[in-house]
Amino acid sequence: MRYHHIPVFARFQWLNSGKVVDVLSAFLTPNERGRKGYGKTLLFRWLMWKWLMRCSYRDLESVSGIDYSTFIKFRKRLMASFCLPDMFEMLAQTLVAQCDDLKLIVDSSFVETYSGHREEGSEYNGHKEKNGFKVHTIIDYKTRLPVLQIATPGARSDFTLAHHLIDRAPPSWKVKSLAADKGYDSEKLVSQIKEKWKRAKIAIPLRRTNQEKVAGHPEGWLNRYLKRLPRSWDPLLYRERTEIERYFSRKKNVFCLGEEKTRGFKNFEANAYFTSIMEYLEFIACWTTLFTKL
């Protein structure tokens, strides 16, 4: 199969992988009607090049030879057709269906608005003291790929969104463990996980309650003991939880989430899905055995 070669650094040569082109071609089918223009797969790959190289649309035009307005219109069509969420969900389902032991990790990451000020759909986060958005994600530890994600304004509760993420996951998933930090310490969340995946180990550390902070309180130790019972205290699971911190670091520094010159919540949500799709495509370029059904 012949396809357009994109000049790129060595670490981003996966953009020119035939496997990546084949996967994109399965999702981005050409229109049967109307005049024929540039292929959707080619435009999508050039958009990924723009993200990775941190360039403007004008720079993209000078390198690709395609008018910058074509890329802007193509991106708007992707957002309007909900193509990006559908692509992400299909890739995630393919990954999960072929994994026998999912070791899940849940966390969120705050992304400041590009302008540094309040934008449409953004919220002020008191802890960060900034306006921005959040991406709540569940990743697989083995592949370091996201299997579920939700984008929200920047002041939404972590464990509340964790409930929504767990609700989206089917009980048929072969979940071996789920890890999170103290921000997800909720008995209701632990019960929800146990009810959905009965054999899953839950590695969520306990926070000290107000009762436990009072020295000598008769109910403090009992409450803490009862909350510990359904959880696992395997130190390996707690060490593995830090993998999601490296995942978010790479998502921002390599795939440039939060550095695009776009504003508003809808653009941020589309960017979050776009970067997740790029993570899958990079993985597919090296490891295709898990994606033979695409």
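Which of the following residues is under 20 Å from K174 (Cα atoms), β-branched (V, I, T) and either at pLDDT below 90 or not in a helix (DSSP H, G or I) (or both): I202, I193?
None of the other options fit; the residue is I202.
Please state which one of D59, D101 is without any contact (Cβ under 8 Å) to a residue 24 or more places away in the chain and farther than 17 Å from P146 by Cβ.
On the way: D101 fails: without any contact (Cβ under 8 Å) to a residue 24 or more places away in the chain.
Among D59, D101, only D59 is without any contact (Cβ under 8 Å) to a residue 24 or more places away in the chain and farther than 17 Å from P146 by Cβ.
Taking segment 161-188 as the region of interest, how many residues are out of contact with any Ser or Thr (no Cβ under 9 Å at 6 or more places or on another chain) and in a helix (DSSP H, G or I)?
Of the residues in segment 161-188, 8 are out of contact with any Ser or Thr (no Cβ under 9 Å at 6 or more places or on another chain) and in a helix (DSSP H, G or I).
In segment 138-155, is there at least one residue being buried (at least 16 other Cβ atoms within 10 Å of the Cβ), at pLDDT below 95 and not in a loop (DSSP other than H, G, I, E, B)?
Checked against the condition, which is being buried (at least 16 other Cβ atoms within 10 Å of the Cβ), at pLDDT below 95 and not in a loop (DSSP other than H, G, I, E, B), segment 138-155 yields no hits at all.
Considering only segment 156-180, how many residues are buried (at least 20 other Cβ atoms within 10 Å of the Cβ) and in contact (Cβ under 8 Å) with a residue 60 or more places away in the chain?
Total satisfying the criteria: 5.
Answer yes if at least one residue in segment 115-124 is assigned to a strand (DSSP E or B), touching a residue at least 40 places away in the same chain (Cβ under 8 Å) and more than 16 Å from the chain's Cα centre (by Cα), and no otherwise.
We begin by selecting, within segment 115-124, every residue assigned to a strand (DSSP E or B); these are 123-124.
Subset that is touching a residue at least 40 places away in the same chain (Cβ under 8 Å): none.
No, because not a single residue in segment 115-124 is assigned to a strand (DSSP E or B), touching a residue at least 40 places away in the same chain (Cβ under 8 Å) and more than 16 Å from the chain's Cα centre (by Cα).
Filter the helices (runs of 4 or more DSSP H) completely within segment 46-101 down to those with at least 2 residues that are within 23 Å of the chain's Cα centre (by Cα). Before you say what the answer is, go through the steps one by one.
Values: elements: 57-64, 68-80, 83-97.
Once the helices (runs of 4 or more DSSP H) in segment 46-101 are filtered for at least 2 residues that are within 23 Å of the chain's Cα centre (by Cα), what remains is 68-80, 83-97.
Out of (1) of a type in the set (K, R); (2) in contact with a Leu (Cβ under 8 Å, 6 or more places away or on another chain); (3) surrounded by fewer than 16 Cβ atoms within 10 Å (Cβ to Cβ), what's the single condition that is false for K73?
The number of the failed condition is (2).
Take the residues of segment 23-38 that are under 21 Å from M90 (Cβ atoms) and free of Cβ contacts under 8 Å to residues at least 24 places away in the same chain: which is nearest to the chain's Cα centre (by Cα)?
Kept after step one, since they are under 21 Å from M90 (Cβ atoms), are these residues of segment 23-38: 23-31.
Restricting the remaining residues to those that are free of Cβ contacts under 8 Å to residues at least 24 places away in the same chain gives 25, 29-31.
Numbers: S25: 22, T29: 24, P30: 27, N31: 29 Å.
Filtering segment 23-38 for residues that are under 21 Å from M90 (Cβ atoms) and free of Cβ contacts under 8 Å to residues at least 24 places away in the same chain, the one nearest to the chain's Cα centre (by Cα) comes out as S25.
The values are calculated or read from the model by the stated rules, or taken from the named source; none is laboratory data. Here the structure is a predicted model, which is why all the values come from computation and not from measurement. Positions of Cβ are generated from backbone atoms using ideal geometry, with glycine treated the same way; all protein chains shown enter the neighbour counts.
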